[in-house]
1. Once you keep just the Cα pairs under 8 angstrom separated by 6 or more residues, what percentage relative contact order results for region 1-41?
2. Leaving ligands, DNA and RNA out of it, report the carbon-plus-sulfur percent of the accessible area of the chain at a 1.4 Å probe.
3. So what are the radius of gyration and Dmax for the Cα set of the chain, in Å?
4. Residue farthest toward the positive end of the dipole of the chain, with Cβ of Lys/Arg at +1 and Asp/Glu at -1: which of A23, I5, L41?
5. In whole Hz, with x marking every Gly and Pro, tabulate ³J(HN,Hα) for region 12-26 from phi via Karplus 6.51 cos²θ - 1.76 cosθ + 1.60, θ = phi - 60°.
6. Quick one: putting +1 on the C-beta of Lys and Arg, -1 on the C-beta of Asp and Glu, what dipole do you get for the chain around its Cα centre, in Debye to the nearest 20?
7. Report the residue, chosen from D31, D12, D20, that carries the largest GNM mean-square fluctuation when the chain is represented by alpha-carbon nodes joined by springs under 10 Å.
8. Summing -39500 (n - 2.57) over the DSSP H runs of n ≥ 4 in the chain and dividing by its residue number, what mean residue ellipticity at 222 nm do you reach, to the nearest 500 deg cm²/dmol?
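The values are calculated or read from the model by the stated rules, or taken from the named source; none is laboratory data. Computed from a predicted structure; not experimentally measured. Here the Cβ positions follow ideal geometry from the backbone for every residue, glycine too, while neighbour counts run over all protein chains shown. Note: accessible area is taken over every heavy atom of the protein model, side chains too, but ligands, DNA and RNA are not part of it. Shrake-Rupley method; radii C 1.70, N 1.55, O 1.52, S 1.80 Å.
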Amino acid sequence: MQRAIAAEQYADRCLAQSADHLAAAEVGNFDFNSRMSVVYLGMAGVHQSAAIKQRHAATIL
């Protein structure tokens with residue numbers, strides 16, 4: 001269960017990083033910041049998916 005919580009927390013941090021890059025893209029260096037925003041959004045999705053799988057596995061055991 002601790003791994004699921006850690007994965008969810010990391011997913012939250014990735015979403016925050018994505019939002020930061022998106023806000024920075026409005027100010028300058030659009031190409032880099034918009035791409036990094038998408039990268040962090042993808043990482044958040046991967047870690048949220050891992051958290052769901054770990055919670056499911058914990059309920060089975």
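1. 40 percent
2. For the chain, the apolar C and S fraction of the accessible surface comes to 62 percent.
3. 14.2, 49
4. Of the options given, the answer is I5.
5. 3J(HN,Hα) across region 12-26, in whole Hz: 5, 5, 5, 5, 5, 5, 4, 5, 4, 5, 5, 5, 5, 5, 6.
6. My answer is approximately 360 debye.
7. D31
8. Details: 2 runs with 57 residues, N = 61.
Estimated from H runs of four or more residues: -33500 deg cm²/dmol.
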